[in-house]
Amino acid sequence: MRERGSGRLYFRLLSYLKPFWRRLLLLFLCTSVFAVLSGVSLTLIPPFLHILFSEQAVAVSEERGGSEEGLSVVPKEVEDRIEGVKSRFRELIYRGTPVENLARFCVLFFILMIIKNVFGYLSTYLTIYLEQTILHKIRTELYSRIQMLPLSFFDREKSGHLISRITNDVTNLRGTIVGSLASLIRNSLMTVIAAVIIFYTSWKLSLLTVIILPLNVFLISVISGKLRKSSRMAQERMADMTSVIQETVFGVRVVKAFRMERSEKIKFDLFSMKYLKEYLRMRRFAELASPGSEMLALVASVVILWYGGKLVIGGSISPADLMMFIVAMLWVAGPVKNLSRLNNVVQVGLASGERVFELLDMPGEDENPPGAEITGIEREIVYENVSFSYEKGVEVLSGIDLKIRKGEMVALAGPSGAGKSTVADLLPRFYIPSSGRIMIDGNDISSFDLNSLRSLIGVVTQETILFNDTIFNNITYGDSAAGMEKVVEASKAANAHGFISAMPNGYDTIVGDRGAQLSGGERQRLAIARALLKDPKILILDEATSALDVESEQLVREAIDRLVEGRTTLVIGHRVSTIRKADLIAVIKDGKIRQSGIHDKLINEDGIYKKFYGIQSGLSS
C-alpha cells in the first residue's frame, strides 16, 4: 500500500510539469547529449595510449576486434558497425607522425569537452529553472489554499506548522520533481554507456559486476522505507521548532516582562534537540546507501584487478582495453552513487509532499457552491434557534434567537467565554452553525455568495490587525482603488488624521510589524478609518474600546459614533459605556441568551446585567 501511495504522490508532483513540457523535452535532450559525450570520452583512453606508446598496439587491437578468446557477446551486425566507426576514427587520428596524431587527438578531445560542458550547463540551468518555477507554483497554491481554509482550521492548527509547510516542506520538494528526472536520465544513461563499454571490452570481467547489482538494489530498498518515515518525523519536529520561534517573537514583550527568557530558551532547546535527533536519524539512513554501495564496488574492483591482470598476462585482452575497463568501472561508480542518493532525495521529498498535499486537499471556503449575490439589507438580520459546537463536541452556543433590524445597534453583553464573539463570527460565516439558521431579509446566509456577503460586513476588533506597510495601504486594505482624498476623509472621521499628519512621512509612514510603531488607540482609529472607507452596510464591533486608556477611548468612541451612524451594527462589549445606547442588549451566559432589552429596563431587573452594571459602577466610583 505504501509503494502504491508513494507512486501516486510522485506522479501527482510530476503533473506540475505538464505546462512546461517543451522545456522538459529540451532538458532531456541536453541531459542525454551530456551523458553520451561523457561516456564517449571514456573510449578515447585506448587511442591515447596507442599514440603515446606504440603503433603496434593498434594492430593488436584490430586483430582482436574487441573479442575475447574468439568469443563475442556483441551481435555480428553491431560489431561490424562498431568496427566501421573505429576504422574511420583511426583514419582520422593515425595518419601522420606521433606528434601530429597527438595534436589532432588533443583538438578532438578539446572540442568534445567544450560541447559536453555546454550541454551540461544548459541541463543544469533548465533543471534549476523548471524546479524553482514549479516550487513557486506549489508555494503560491499552498498559500492560496491556506487563505481559503475556514477559521475553524486556524483554531486548531499552530501557525508555526503552517509556516513550516510553506517554507521547509516546499523547499524539500526541490530535487524531487525535476532534479530527480534529470538525474535519473543522466546517471542512467551514463551507467548504461559505461556498461556497454565494459561488456564490449570483456564479458568475463563484466559478469563480476552483475553479481554486485542485486545486492545494491536490496540495500537501497531497505534504506528507503526507513528514510521516508524518519524524514516525515524530522519535518514535524521542524514545524514544532518554527512554532516556538514564532510565539516567542510575537510575544517578546510578555516574555521580557515576566523574565521568562530562560524558560523560553529551555523550551526551544527541547524542541531543537528533538529535531536534531530526528534529523540525525534521517541522515544516518540517508548516508548509509553511498558507503554501502562503495564497499560492494570495492570488492568487485579488487576481484577485477586480479582477474583482469591474469587476462592481460595471458594475452586475452590488451593493457589499453583493461585500462579502459577499469576506468569505466571507476567512472560508473559516480552515476551509481548518484542514483542511490537520488532515492534519498525522492524519499525526503515525498515525505514533505504528503504534508503539502494534506493542506492542498483540505476543503476550503472557495469550494462552497456558488450562491446568490447580496447587495444590502432591507429589513433585518435574524438568528433562529442557532447552536454551535467546535469539532471536539463542546457546545459553545445553544438556542440563540436574536433579531437585528436595519439601522439598529444590538449589543451582546456577558462574562468572558460566554460565546459573544462566536455569535458575531457566525454572521460573516467564519463558522457554520451546528443547527438553526441565520437569515438576512428572510434568506438563509448560507444561500448567499460568500464574497458578496462579506463585502457587506465591516469588522473592528479589540486586537487591531495592521500590516507592516504604510498607513495609506493599511487604510485602503481591501479597497486599493481608493484615492488619497477618500482616505483623508475616512481618517478625519476616525479622529486619525491629526496623528497621521504628525508622522515623519504622513500617510506613507511604515507602521511596523503588527503596527508596533503606533499606540493602541492609534491602531484602533486606523482600523475604524479602514472600516469607514469600506462603507459596510453591516458592522461588527468586537470589544473595540476595552483595551484603551480614557483619552484614547474618548477619541475612538467619537469615531465609532460616526462609524455606526446609519448602519446595522452588532456590538460586543464588556463596558456598559459602550453598549448602553444600544437599541437592544442581549445578555449571554454559558452560550445562551439569559436577558434582553434596553439598558434602562435591564438595570431595573434582578439579573446578570444589573450585577454587571453594579460592578462597573462600583469600579468607576
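Kindly establish whether Leu412 is within 23 Å of Ser152 (Cα to Cα) and either in contact with a Leu (Cβ under 7 Å, 6 or more places away or on another chain) or in contact (Cβ under 8 Å) with a residue 60 or more places away in the chain (or both). In short, yes. Per the listing Ser552, Ser519, the residue uniquely modelled with pLDDT under 75 and surrounded by fewer than 21 Cβ atoms within 10 Å (Cβ to Cβ) is Ser552. Look at region 447-474: where a residue is of a type in the set (Lys, Arg) and a partner is modelled with pLDDT of 85 or more, sitting 6+ places away or on another chain with Cβ atoms under 8 Å, you get Arg454/Pro428; Arg454/Arg429.
Restricting the first residue to region 175-186 and requiring it to be touching a residue at least 12 places away in the same chain (Cβ under 8 Å), which pairs with a second residue that is of a type in the set (Phe, Trp, Tyr) meet a Cβ separation below 7 Å and a spacing of at least six or different chains? Qualifying pairs under 7 Å: Ile177/Tyr16; Ile185/Phe28; Arg186/Phe34. Pull up region 570-594, narrow it to residues that are assigned to a loop (DSSP other than H, G, I, E, B) and modelled with pLDDT under 80, then point me to the one that is nearest to Lys406 (Cα to Cα). So the residue we want is Gly573. For region 480-497, the candidate set comprises residues that are polar (S, T, N, Q) and buried (at least 16 other Cβ atoms within 10 Å of the Cβ); within that set, the residue that is farthest from Leu532 (Cα to Cα) is Asn495.
I'd like to know if region 519-527 contains one or more residues that are in a loop (DSSP other than H, G, I, E, B) and outside the structural domain of Pro415 (by TED's automatic domain parsing). Yes - at least one qualifying residue is present in region 519-527.
Of all residues in region 595-617, those satisfying the criterion of being modelled with pLDDT of 75 or more and small (Gly, Ala, Ser) are Ser596, Gly597, Gly607. Checked against the criterion of being farther than 25 Å from Gln147 by Cβ and within 32 Å of the chain's Cα centre (by Cα), region 399-411 has no qualifying residue.
Residues in region 380-424 that are under 29 Å from Gly614 (Cα atoms) and assigned to a loop (DSSP other than H, G, I, E, B): Glu408, Gly414, Pro415, Ser416, Gly417, Ala418, Gly419. Would you confirm, using the coordinates I've provided, whether Ser435 is more than 26 Å from Phe612 (Cβ to Cβ), surrounded by fewer than 16 Cβ atoms within 10 Å (Cβ to Cβ) and polar (S, T, N, Q)? Yes. Val348 meets all of the listed conditions (1) modelled with pLDDT under 75; (2) buried (at least 19 other Cβ atoms within 10 Å of the Cβ) but one, namely (1).
For every residue, the table says whether it meets (1) surrounded by 19 or more Cβ atoms within 10 Å (Cβ to Cβ); (2) closer than 26 Å to Val244 by Cα; (3) outside the structural domain of Leu339 (by TED's automatic domain parsing).
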position	(1), (2), (3)
Tyr121	no, no, no
Leu130	yes, no, no
Ser144	no, yes, no
Met148	no, yes, no
Asp169	yes, yes, no
Ser180	yes, no, no
Leu184	no, no, no
Thr191	yes, no, no
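The values are calculated or read from the model by the stated rules, or taken from the named source; none is laboratory data. Model, not experiment: these values are computed from the prediction. Every residue, glycine as well, gets a Cβ built from its backbone with ideal geometry; the counts of neighbours run over all protein chains shown.
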